Amino acid sequence: MEQPIVTAYDFNAPRQIIVGGGTFGKLPELVIGLKGTCVLIVTDGYLLEQGLVREAISSLSEAGIKSVVFHRISPDPTMGSVLEGLALLRQHSCDAIVALGGGSPIDAAKAISVLATNDGPLTRYAGYHLIPNPGLPLIAVPTTAGTGSEATRVAVITDELRQVKMMLFDNALLPDIAVVDYRLSMTMPPQLTAYVGVDTLTHGLEAYVSKKRNPFSDPIALSCIGLVGQHLLRAYTCPTDEAAREGMAIAACQGGLAFSNSSVCLVHGMSRPLGAVYHLTHGLSNAILLPAVTRFSVAGCEARYATAARTMGLVAPELTDVEAADALVYALEAMNRQLNVPRLRDCVGVSRATFEQSVSKMAADALASGSPQNNPVVPTMAEIEQLYLTCW
Ligand SMILES: [Fe+2]
């Protein structure tokens, strides 16, 4: 077996991961199991309009559990929205939290959960292992197969004053229970399916090539990569295909587990500043960056990129590692075209000259996050700036 780069590591996961169509119906018994009597449901405005939140409220109510809904979560959750949710939680003396939605409500719920039991401000917990107390009991129910936040000890919250996406990494951020019910993702619009699906692939790939990879994260990362290869295009072109939706829901959860126990790398390091400055959604900015950053990175880890290509079923078995890794880059470019992923110039909303003026701040913020240092090829600041321009 290949020697791990890290020789000491730990593996952390939610206490329970419940998987399968219809498992959302278990919500009341899960809350009771966590001794919850009044639940803060953290969701977003879109989901509030769907029937799902109503369904949660009435099933909880039938079980004698009070609930309060907090839905003012933007696509990039801010410190302000976290504080607003915290105030509502305190006002109603909630003793448990259910996060219902994509990565934004789940990350915001994680932050609310730990601020309920730890002194603020949230900025003091940006970084690794800085949260002293466990948070309130948290059940995460993803409705988008993408971020895998239901299975991670990571939350990304935007500090709106500094225009920085803060990354918080601590076991206190792990949900107690993840409910992975693929049926909740069946109505996801195709373009969202595409972006969060590439985010999922990025989690698997980055976890697998990271300098923090280990023998526990590896098989989960590879399973994620294989499931995306098998199901993403189908979920995009045929949204009602249950097998494809189920495959992507499992891939997303596995991607979260994998990177939470290994790490993300350069794609995520560069993606967060794009979100903070230009308000691109997390999945979109990752999807734009993935092919170019992979091309930059393959030389540092050819054998593993080759294994990823083979796992996705992209290459003939007789190809060498160099050929297979190269084929992976071309396949990622082709996948972006098939999924209609735009270029930066199509979505940042500024001229090339204005964009060029922002790349040094974004590159500095990317490096400061620590993620690029886990990349198979560790970039210089100038190389990160160049990669941003390559994706223009
Ligand atoms: Fe991600």
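For this structure, a couple of remarks:
- Packing around the peptides 151-159, 8-16, taken as the average count of other Cβ atoms within 10 Å per residue, puts them in this order, highest first: 151-159, 8-16.
- Inter-centroid distance (Cα atoms) of region 309-383 relative to region 123-196, Å: 23
- Nearby lysines by direct alpha-carbon distance to LYS35 (threshold 16 angstrom, same-chain neighbours under 8 apart not counted): LYS26, LYS66
- Within straight-line reach of LYS165, meaning a Cα separation under 28 Å, sit the following lysines at least 8 residues removed in sequence or on another chain: LYS110, LYS211, LYS212, LYS361.
- Size descriptor, Kirkwood hydrodynamic radius, that averages inverse alpha-carbon separations across the chain, Å: 20.8
- Here the average projected area of the convex hull drawn through the C-alpha atoms of region 90-232 stands at 9.9 nm².
- Efficiency of FRET from Cβ geometry, SER351 and VAL322, R₀ 45 Å, rounded to 0.05: 0.70
- Rounded to whole numbers, the Karplus 3J(HN,Hα) couplings from phi for region 99-113 are 9, 10, x, x, x, 5, x, 5, 5, 4, 4, 4, 5, 4, 4 Hz, using 6.51 cos²θ - 1.76 cosθ + 1.60 with θ = phi - 60°, and x at Gly and Pro.
- Trypsin sites (Lys or Arg not before Pro) within region 24-54: DSSP coil, no more than 12 neighbouring Cβ in 10 Å: LYS35
- Accessible area expressed per residue, the chain, with surrounding protein chains retained (probe 1.4 Å, Å²): 38
- Fraction of accessible area attributable to carbon and sulfur, the chain (%, probe 1.4 Å): 55
- Distance between modelled label sites at THR390 and ALA8, nm, 7 Å Cα→Cβ extension: 3.6
- Sorted largest first, the principal axis extents computed over the alpha-carbon atoms of region 350-392 equal 32, 17, 13 Å.
- Computed about the Cα centre, the dipole magnitude for region 265-392 is approximately 400 debye when only Lys and Arg (+1) and Asp and Glu (-1) carry charge, each at its Cβ.
- Residues LEU83 and ASN133, FRET efficiency given R0 of 22 Å [Cβ-Cβ distance, rounded to 0.05]: 0.75
The values are calculated or read from the model by the stated rules, or taken from the named source; none is laboratory data. What you see is a predicted model; the values in this text were computed from it and never measured. Using ideal geometry, Cβ is built from the backbone for each residue, glycine included, and neighbour counts are taken over all protein chains shown. All accessible areas refer to the heavy atoms of the entire protein, side chains included, with ligands and DNA or RNA removed. Shrake-Rupley method; radii C 1.70, N 1.55, O 1.52, S 1.80 Å.
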